[in-house]
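Trainee: Take this structure, written in structure tokens, and hold onto it; I'll ask about it next.
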Amino acid sequence: MRNYSLLKAIPFSFFSKDLYRDVGMNWRGIGFLYLLTLLFLTSLPTFLIWEIKAIRVSAGEDIIDKSPELNDIINQLPNITVRNGNIFIDKPEPYYLKDKNGVTIVTIDTTGKTTGIEAGKSGVLGVLITKNQFIMAEARQHKTTIEDIPNINLSITQDKAKNTIRRVAKLLWLAPIIVSIVAFPVTFLFLIIVFLIYGLVGMLFALILKVKMEYPTLVRLAIIANTPTMIVGSVLDGFHLTPHKVPQYVWILIDMAYLFYAISANRDSRQEVT
């Protein structure tokens, strides 16, 4: 009979040998239900923070009025017409959109005289719109991304651009939900693969410690042993302390140390390998 529930196991995973013995001896299965629960709990704070911010933007004051820099850039827009994927504007070309410091951020030139690299020389990122292409040029890294303009017909004015941005802002609260619906199962599947690999490492640790343990049990222990790093990472992310700045190998070493600790906790309660 197991002594620790899924939720009770979370805080005890930081220090309790008794928990790891219970997981090794009394828990059943691979531990994917625990992983699913843990992933949900550690993802929830970040999701709520993003969602609250998105709701504030969606329900708050007009985003155009709130962002003078954005408003200034939109006010520089020429009237743009797209016919069958070809762009036309009502201004002399090349035409430049600049930020508050006078740095060119977008160049519109349908004459073909301006290149993507030239568009990026005045700033970190340059955008060039040609007659039928959209080009983003990273001058410092010499990276250029080129997208063909779709074969469509439309017109873009300053008023239409502002209204579109306002409509998108009102729906911004949906973004965290959509991202979570996609990211959560992908992350879960990725973690399953990771812990299947951790289980193989656990087999090596079991040989070193001379403990006889089956592979599914080692995978289960690896998942529980990963709890501290997932909790700490979630807390750091919640407080904007950027856990991704910690080298990945540090997190892996911590996971391995806890896995070794978890297996060693089962040493006295299992038949040793002779």
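The values are calculated or read from the model by the stated rules, or taken from the named source; none is laboratory data. Being a predicted model, the structure only gives us computed values, none of them experimental. As a convention, Cβ positions derive from the backbone with ideal geometry for all residues, glycine included, and neighbour counts pool all protein chains shown.
Trainee: Filter the stretch 163-183 down to residues that are under 13 Å from the mean Cα position of the chain (by Cα) and among the polar types (S, T, N, Q), then give me how many there are.
Mentor: Residues meeting the conditions: 1.
Trainee: Would a scan of the stretch 12-25 turn up a residue that is under 30 Å from the mean Cα position of the chain (by Cα), in the same structural domain as PHE260 (by TED's automatic domain parsing) and β-branched (Val, Ile, Thr)?
Mentor: The answer is no, given that none of the residues of the stretch 12-25 is under 30 Å from the mean Cα position of the chain (by Cα), in the same structural domain as PHE260 (by TED's automatic domain parsing) and β-branched (Val, Ile, Thr).
Trainee: ASP72: modelled with pLDDT of 85 or more, charged (D, E, K, R) and within 21 Å of ILE165 (Cα to Cα), yes or no?
Mentor: Considered against the rule, which asks whether it is modelled with pLDDT of 85 or more, charged (D, E, K, R) and within 21 Å of ILE165 (Cα to Cα), ASP72 comes out as yes.
Table: residues versus (1) of a type in the set (Phe, Trp, Tyr); (2) at pLDDT below 95; (3) not assigned by TED's automatic domain parsing to the domain that holds ASP237.
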{"site": "GLY31", "(1), (2), (3)": "no, yes, no"}
{"site": "LEU38", "(1), (2), (3)": "no, no, no"}
{"site": "SER43", "(1), (2), (3)": "no, yes, no"}
{"site": "PHE47", "(1), (2), (3)": "yes, yes, no"}
{"site": "LYS66", "(1), (2), (3)": "no, yes, yes"}
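Trainee: Among the residues of the stretch 56-74 satisfying the criterion of being out of contact with any helix residue (DSSP H, G or I) (no Cβ under 9 Å at 6 or more places or on another chain) and in a helix (DSSP H, G or I), which is surrounded by the most Cβ atoms within 10 Å (Cβ to Cβ)?
Mentor: Taking the candidates together, the pick is ILE73.
Residue-by-condition table, conditions (1) within 30 Å of ALA54 (Cβ to Cβ); (2) of a type in the set (Phe, Trp, Tyr); (3) surrounded by fewer than 16 Cβ atoms within 10 Å (Cβ to Cβ):
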{"site": "ARG167", "(1), (2), (3)": "yes, no, yes"}
{"site": "TRP173", "(1), (2), (3)": "yes, yes, no"}
{"site": "PRO176", "(1), (2), (3)": "yes, no, no"}
{"site": "ILE181", "(1), (2), (3)": "yes, no, yes"}
{"site": "PRO185", "(1), (2), (3)": "yes, no, yes"}
{"site": "LEU191", "(1), (2), (3)": "yes, no, no"}
{"site": "PHE205", "(1), (2), (3)": "no, yes, no"}
